[in-house]
Structure formats: C-alpha cells, structure tokens
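For reference, the structure discussed in these notes is given below.
Values quoted throughout were computed directly from the atomic coordinates according to the rules given, and no laboratory measurement underlies them. Here the structure is a predicted model, which means the values were calculated and not measured. Methodologically, a virtual Cβ is constructed for each residue, glycine included, from the backbone with ideal geometry; neighbour enumeration extends over all protein chains shown.
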C-alpha cells in the first residue's frame with residue numbers, strides 16, 4: 001500500500017480540482033433550478049408548467065440525438081491522443097459535423113411542433129416546442145464546446161457557463177417577466193426567456209473558447225480530411241446518448257400521455273431524486289479524461305486507486321440526502337417546494353432508491369468509455385432503456401406516478417450496475433474495497449434504522465441540520481474504522497494544492513487512523 005501508483009497522485013489532483021469546480025457549479029445549478037421552478041409555478045398555471053416540463057424533456061432528447069455522440073467522443077479522444085495534429089483534426093471534424101447537426105435539430109423540432117401538439121391534443125405543447133426549437137441547436141453546440149474543454153480537464157465551461165450562467169440568466173428574465181409582463185402572455189414570455197438565456201450562454205462560451213482554446217491547442221498543421229477514429233468512436237456513443245435519455249425521461253412522456261395532470265408533481269419527485277446524483281455527475285465529468293490518460297499509459301493501478309477513493313468521498317454527498325429524503329419524504333418535499341407537493345411520498349421513495357443504487361457504484365459508465373468499452377456501454381444503456389419503456393407502458397396506466405417512478409428507478413440502477421460488473425471482471429477496476437464498504441454500511445444501516453425507529457417529525461428548518469449531521473457521522477466512521485489508505489493521502493494532497501497550504505491538523509488526525517499505521521506524509 002505504501003507504493004502509490006505514479007499516475008494516481010496527478011489523477012486525483014485533477015479529479016479533485018475538476019470535481020470541486022463541477023460540484024460548485026452543480027450546487028449553483030440545483031439552487032437556481034429550484035428558484036426558477038418556484039418562479040414558474042407562481043407565474044404559470046399547472047397545465048402550463050406541465051407542458052413546459054414536457055418541452056424541456058423533448059428538447060433534451062433531440063439534443064442527445066443531435067449531438068451524435070461527439071461530446072463524449074471528443075472528451076475521450078483529446079487526452080488519449082498524443083499527437084497535436086491528430087487532436088486538431090479531431091476538433092475540426094467535431095465542429096464540421098456538430099454545427100450542421102445543430103441546425104437540423106432546431107429546424108426539425110420547429111417543423112414537428114404543430115403536428116405533435118395536435119396529436120396530443122394540446123395547443124400549449126405546440127407553442128412550447130416552437131419556442132424551444134432554437135434551444136435544441138444552442139444546447140448541441142454549447143455541450144460540444146464544454147466537452148472539448150472537458151478533454152483538457154477544464155471543468156469551468158460546463159460548471160460556470162452551462163450550470164450557473166444559463167439558469168441565472170433565465171431567472172433574471174423570469175423576474176423581469178413577473179414584474180412587467182401581463183399574466184395572459186406570461187407563458188410565451190417564459191418560453192422566450194428560456195431561449196434567450198441559451199443565446200447569451202453560448203455567446204459567452206464562444207468568447208471563452210476564442211481566448212482559452214489556442215493556449216490548450218496551439219495552431220499548427222494537421223492531417224487532411226476528417227478524423228475517422230473520432231467518428232467511429234462517436235457512433236456507438238450516439239446510440240448510448242439517445243438510449244440514456246430515453247431510460248431517464250421516457251417515463252415522463254408516457255405519464256404525459258396517460259396521466260397529464262400528474263406530470264408537474266412527478267417532475268418534483270424526480271428533481272429530488274436527482275439531487276442524490278449531483279456528486280456522481282460532477283465526478284463522472286472529470287474522471288473520463290483522467291482515466292483515459294491512465295488507459296493510454298496502461299496504468300491500471302492508478303485507475304483503481306482514483307476510482308475507489310473518489311467514489312468513497314462522493315457518496316458523502318448522496319447518503320445523507322438519501323436517508324433524510326427517504327425517511328421524511330413529505331417534510332422534504334414541503335421544504336424544497338411547498339406543502340402542495342407533499343402528497344407524493346411513495347413515488348419519491350421509489351425514485352430515491354434507484355438514484356442511490358446508481359450512485360453507490362460510482363462513475364462506472366464514464367470509466368467504461370475511458371477504457372474504450374463503448375459496445376458494452378451501448379448494451380447496458382439499451383438494457384436500461386428497454387426496462388424503462390417496458391415498465392412505463394405496463395405500470396403507468398394503472399399506477400400513475402408510482403408506476404413512472406418504478407420504471408425510472410429500475411432503469412437508472414440497471415445501467416451503472418452492469419457497467420461496474422463488467423469493469424470489475426475485465427480490468428479489476430471497481431470501488432468495492434473495504435475502506436469504502438465499511439463506512440457506507442456502518443453509517444447507512446445504524447443511522448437509517450435509528451431515525452426510522454424514532455419516528456420523528458422534524459421541523460422543516462431542522463432537515464438541513466440532520467443532513468449535515470449524517471455527513472459528520474460518515475466522516476467519523478471513516479476515521480473510527482480506519483478506512484483510510486494511500487488514496488486518501490493523495491486526495492488530501494490534492495485538496496492542499498487547491499487551498500494552497502499544508503493542512504497539518506488533518507495530517508495529524510490521519511496519522512491516528514491510517515489503516516495500516518503508515519505515516520500520513522507526502523512530498
């Protein structure tokens with residue numbers, strides 16, 4: 001254990017920096033997302049809010065199709081490819097393909113808006129999709145540009161521009177609408193505000209790319225023609241992106257068909273469940289290019305260390321939320337939204353279970369992409385999509401929101417579980433080490449049983465304090481069970497690099513609890 005893999009220290013430094021940036025961006029996104037949902041609920045009728053949510057879902061699906069798998073492909077190709085000329089060709093190829101695709105996606109949704117609204121019997125949906133058609137192209141281009149910087153292990157464009165600036169602009173426009181726009185045109189104004197915020201975000205991202213990208217990839221010669229390697233790698237990822245979106249959102253569309261009035265309440269449950277995946281999403285974003293470097297160097301030891309250590313501490317962001325939301329679902333819904341949403345406790349618990357199971361296995365799908373196992377990722381995502389489609393159609397007509405939650409939870413857990421199993425069998429990379437499993441079980445089981453048996457009804461203001469308390473228990477269990485190893489030392493060094501100082505108190509504390517008694521010292 002004393003022989004720390006040479007690449008793991010640099011990898012954990014990049015992962016820590018990128019995950020911190022992404023976490024901050026995601027937390028900002030979650031807060032802003034909550035604010036704009038409150039503003040929309042206050043401004044729009046329930047039917048208008050339901051159609052707005054469905055429109056967002058369709059925009060995401062078309063953006064997944066129109067991205068053609070290129071964001072993940074470029075994020076893996078840039079760190080994997082050593083030759084600068086090949087990197088330039090890959091970037092040129094991506095832009096040559098993504099820009100026409102963005103235009104086609106926007107035109108296609110605009111053309112389909114009226115027929116879709118007529119087929120579903122709601123003019124509001126036609127209006128929504130017509131306004132949102134421009135957002136499809138804007139999302140495709142912005143996501144690709146953020147993925148280019150992801151390939152250079154730069155999380156700022158995604159975190160700052162896509163997750164913070166975009167919803168912040170939308171909130172600003174909504175506040176303006178609420179103050180000056182008459183109620184009867186508020187829905188159209190909200191749709192226009194969403195599109196305008198996308199325009200501003202892409203504009204700022206283009207300025208950032210113009211200034212930053214030449215430093216990361218200086219101008220120079222590159223091979224002629226398109227990068228066949230990038231396109232071949234992107235092809236299965238296109239199907240993966242579409243199937244991933246289907247597995248995560250088709251249940252909402254089926255619910256729209258069979259139980260339209262329930263869509264607004266279901267969106268609240270899903271938003272709560274997806275809070276558990278904030279840390280996972282941040283870690284998945286940055287671990288892909290980092291692990292790709294390990295794969296290029298055939299450094300499996302570093303991949304194992306970074307995966308296990310990063311997953312252990314990522315769970316710190318999901319376990320407390322899972323316990324509190326699951327044990328106090330009505331109180332949690334009332335705290336995040338209003339008492340009007342507090343009645344959908346069973347669907348929330350079902351969705352939370354699927355989200356938590358997907359979280360505990362770590363960023364398995366992203367690591368599989370780093371290893372080039374795109375065919376396996378495709379099969380896993382197909383399995384999840386089939387599960388979501390089958391369960392949605394079978395359960396939603398009779399069970400409504402609960403049926404949708406069962407479909408979403410099962411599909412959400414299936415893909416990552418298959419990926420981590422395949423990774424463990426093919427490469428030995430997985431998070432299930434003693435120093436991860438012991439704190440997870442020794443915190444989750446006793447705290448969950450204790451809070452459940454107490455049968456408390458905590459005031460709303462106490463819920464955040466309980467979440468922090470559970471997180472503190474997890475850290476205490478990590479120390480008390482000596483669930484620290486060399487990976488945690490490297491993580492501490494990465495944090496010290498971020499804050500710019502040596503954290504002596506943490507090092508002294510670690511010396512008492514390091515699992516094999518090794519001195520917690522580093523360079």
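Some points to look at:
- A Förster radius of 45 Å combined with the Cβ-Cβ distance from residue 441 to residue 96 puts the calculated FRET efficiency at roughly 0.35.
- Note on segment 6-483: Cα-only Rg and Dmax are 22.0, 69 Å.
- Rg/Rg_globular for segment 374-464, with Rg_globular taken as 2.2 N^0.38 Å and Rg from C-alpha atoms: 1.50
- Taking only the C-alpha atoms of segment 332-435, the Rg (one decimal) and the largest Cα-Cα distance, Dmax (whole number), read 16.2, 49 Å.
- Rounded FRET efficiency, nearest 0.05, which uses the C-beta distance separating residue 393 from residue 432 and R0 of 35 Å: 0.55
- Compactness of segment 229-386 - radius of gyration and Dmax, Cα, Å: 17.8, 55
- Virtual spin-label span in nm between residue 215 and residue 103, 7 Å along Cα→Cβ: 3.3
- Using the Cβ-Cβ distance between residue 232 and residue 449 with R0 set to 51 Å, the FRET efficiency works out to roughly 0.50.
- Between segment 397-454 and segment 81-96, the Cα center-to-center distance that results, in Å: 38
- Label-point gap, in nm, between residue 297 and residue 47 - each point 7 angstrom along Cα→Cβ: 6.1
- Across segment 6-483, Cα pairs under 8 Å and at least six residues apart give a relative contact order of 20 percent.
- Residue order, fewest to most beta carbons within 10 Å, for 272, 314: 272, 314
- Computed log₁₀ I(q)/I(0) - Debye formula, equal Cα scatterers, no solvent, segment 104-157, q 0.20, 0.24 Å⁻¹: -0.67, -0.79
- The order of 81, 47, 256, going from fewest to most other C-beta atoms within 10 Å of their C-beta, is 47, 81, 256.
- Whole-Å semi-axes of segment 143-260's equivalent ellipsoid (Cα gyration tensor): 34, 24, 11
- Ascending count of other beta-carbon atoms within 10 Å, so fewest first, for 299, 83, 388, 251: 83, 299, 388, 251
- Inter-label distance, nm, simple model (7 Å from Cα along the C-beta direction), residue 346/residue 461: 3.5
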